[in-house]
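This report concerns only the one structure given below.
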Amino acid sequence: ISDQKPLGCWSVKHGQVLTCPVVCNFETHEYIAVHDHRVLRIWKNEDINLDKAFKATLSADVHRIHSLPQGGPVVLFRAGGVRTLDVLLEAPQQEIENVISDETIRWSEAFMESQQPVVIFTTEKDGDFFVYVQKPKQESTHKYRLEPQELSQPLSFTAYLQNQTVTLLCLCSNDSVYKVLIPLQQDPEEEEQTLPKSLLLNLSVSGSVLKGTSLVVLDKDHVAVLGSLAAPGKEPKECLTIWNTKFQTLQTSKELPLGTSGQLWCYEEKFFLTHGKVLTVIMYKCETSSLAAAVGKLKDSQTPGVSPCVNWNTLEDEELVVSLQSQESVALKAESRMNLRSRRNSAAKAQPGNLSDGQPLLNLKDAPTNVLEGELRKLLSKAQTPDLQATIGSVVSALANRSKANPKYYPQSFLLQLVETRDLSYSLCPDLMALALERKDMYLLQICLQRFPDIPEEITYACLKTFLSISEAHLRRTDVDLDSVICYIDVELRNKEVKTEIVENGFSEELDQDMCDTKMPTQAHSKGDSESCPVGPQRAALLNAILHSAYSETFLLPHLKNLPAQQVILFLRYLYYLYVKCSEKVNTTLPGVRSPTINQIMDWMCLLLDAHFTVMVLLPEAKELLSNLHKFVRAQVRFYSELNKIEGSLRELQRLNHLRDSQSYSIEVLEII
């Protein structure tokens, strides 16, 4: 999530459907999926083709797989049967018993109790709800009936295990949360019991009622509810709320104006929820609950174990910091978020969690630059704090917004200093590169491309288009970092012969003429694509920064298809020039600092050709370039093929050299047959 890059992607065949959520086996680091209800797939991260992964066809439909950190995966079948994955894989076609009849599973969860997995699930039949508790290793099943509630139905369930008792929480349609206690130690022959429900929480405050859709437990005194908050005379607004169940109080809430899917997940003290098209991840920490904190009377903010302030990351585009003074014992701060590949420039900003350090800077965001610089230097001189980078990112975003509002204001040197000296990222200051593109600040864009690990493909494409479209005259007046090109491009006399060490890497004119009816560029020709760089050193340095930037091919290709044909040809000519330069070297490595690698060059050539192959074939001005590129690649394939033929002989020579006395002088002629 922090790098905003997909780490893996697997697809089922056309016509197949994943029918339950994929889980990870914590013990074997494998993924487990079920498609078409009965087909089990297991694979590892390095596996590419899901169709070749382990496959087992089961005898019954699977409802859900639960993965326990110390207990391994357990499989819950639609008919109520439960098996551990190990037992199931021993005989995939084993018969699965029908535990439920004419009932539909509404919710399920798994726990570890006394080093044994326990599966709990709720079912519904004709408006009645039941709870099942299964211990698969002991082959025990207990069924309970939930006490019916007049004029309301359970909408969502959650549960936690404590002292061999499961506490089941029910979010009901009457805007209330009920608690049900389920004992795990039970006489196996005891008949079905009716479990009473006790009111835990009314979701109403000051006349406003929360119509909840999803519920999670934070600790024994706090729950989080996602839903729609309706106030009299106002339109309902979706929001995430934190409630204190011990003192029946709403501790804090955050409006979600872009809407949600109605689902809320909680894992390892982090919330996961979708907000619009964005996956938002919020870290929280629950401290000791106190009556003073719950009713807003806590005055000593340094009270041990109590956090009176809730700091949310902004979910709106224009907000910088939101501090909700709810005097509570739940501290939240946004950790990171990942845009689900829509990558809008209005992505939410990461905010400082340490307001005591960052607040002076944020208060001075409209002050003169020299004043702000002075305050920032004071902050940087202090000891590093965990939230320092988020604070600096907020300052950079504030300066970027100020520059957008005032065209005459642009603290370039200050922004460069922050980017060059601090470990920032795109997600910490997403407005910075958009501002640099607007101001055509090539140097700042180059530094951001070199240092930011999480630049969206949309921004990478915008930088590439700008670098290719800007005039050479403007670039010659632009100050950019030339370290990546100065060792293989003659900066002063670019239009003359390029002075580099020529190592033919096995090529000869006779071989090339025999293979391709064309000559390799072993002599200097001022007009040859492969001999003189088709772009100036400034543009070359900027394009090198693009080649080094991280990207996902799936999400970059749609943007590259919008690149104008002439710019595509120019970029391909430069990549061809780099390709030839790399091939001149025995180690296929360009000299210089942050110079492109042969793999980066080849990857980008393939990307451009994939995005514009039809256009390149039809354009007359691209014909010679494509022909030269084809001949050069074919010559290399032929050359390496010849090398492979003598690989065995070369290894034998290397072995003989080790056996020979290195101190004696001799001349030997070895014939390679």
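Values quoted throughout were computed directly from the atomic coordinates according to the rules given, and no laboratory measurement underlies them. Note that the structure is predicted; figures quoted are calculated from it, not measured. Methodologically, a virtual Cβ is constructed for each residue, glycine included, from the backbone with ideal geometry; neighbour enumeration extends over all protein chains shown.
Quick check: residue separation of Gln185 and Ser206 times 0.36 nm, minus the Cα distance between them. What number comes out in nm?
3.4 nm
Using the structure shown, select from Lys179/Lys237; Lys44/Lys135; Lys137/Lys179; Lys408/Lys561 the pairs with a Cα to Cα distance greater than 30 angstrom.
Numbers: Lys179/Lys237 26 Å; Lys44/Lys135 28 Å; Lys137/Lys179 28 Å; Lys408/Lys561 35 Å.
Exceeds cut-off: Lys408/Lys561.
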Quiz item: Tell me, in nm to one decimal, what length is gained between Lys440 and Glu192 on full extension, where the rule is 0.36 nm per residue of separation less the Cα-Cα distance?
Solution: 81.9 nm
Quiz item: Tell me, how many Å apart are the Cα centres for region 609-646 and for region 419-493?
Solution: 30 Å
Self-check item: Pairwise FRET efficiency - Leu89 versus Gln164, Cβ, R0 = 22 Å, nearest 0.05
Solution: 0.15
Quiz prompt | Label point distance in nm, Asn49-Ala79, each placed 7 Å from Cα along Cα→Cβ | solution = 3.5 nm
Exercise. Restrict the search to region 88-157; then list the GluC sites (Glu not before Pro) that DSSP places in a loop and that have at most 15 other Cβ atoms within 10 Å of their Cβ.
Key: Glu95, Glu97, Glu139, Glu150
Quiz item: Can you list the HN-Hα couplings for region 435-452, worked out from phi with the Karplus curve (6.51, -1.76, 1.60; θ = phi - 60°), rounded to whole Hz and with x for Gly and Pro?
Solution: 5, 4, 5, 5, 8, 6, 8, 5, 5, 5, 4, 4, 5, 5, 4, 6, 10, 7
Quiz item: Say the cut-off is 18 Å between C-alpha atoms; which of Lys13/Lys52; Lys13/Lys277; Lys220/Lys246; Lys581/Lys631; Lys378/Lys404 go over it?
Solution: Lys13/Lys277; Lys378/Lys404
Exercise. Describe numerically, in nm with one decimal, the distance between label points set 7 Å from Cα along Cα→Cβ at Thr588 and at Ser641.
Key: 1.7 nm
Exercise. Using per-residue counts of other Cβ atoms within 10 Å, averaged over each peptide, order 11-23, 424-436 from highest down.
Key: 424-436, 11-23
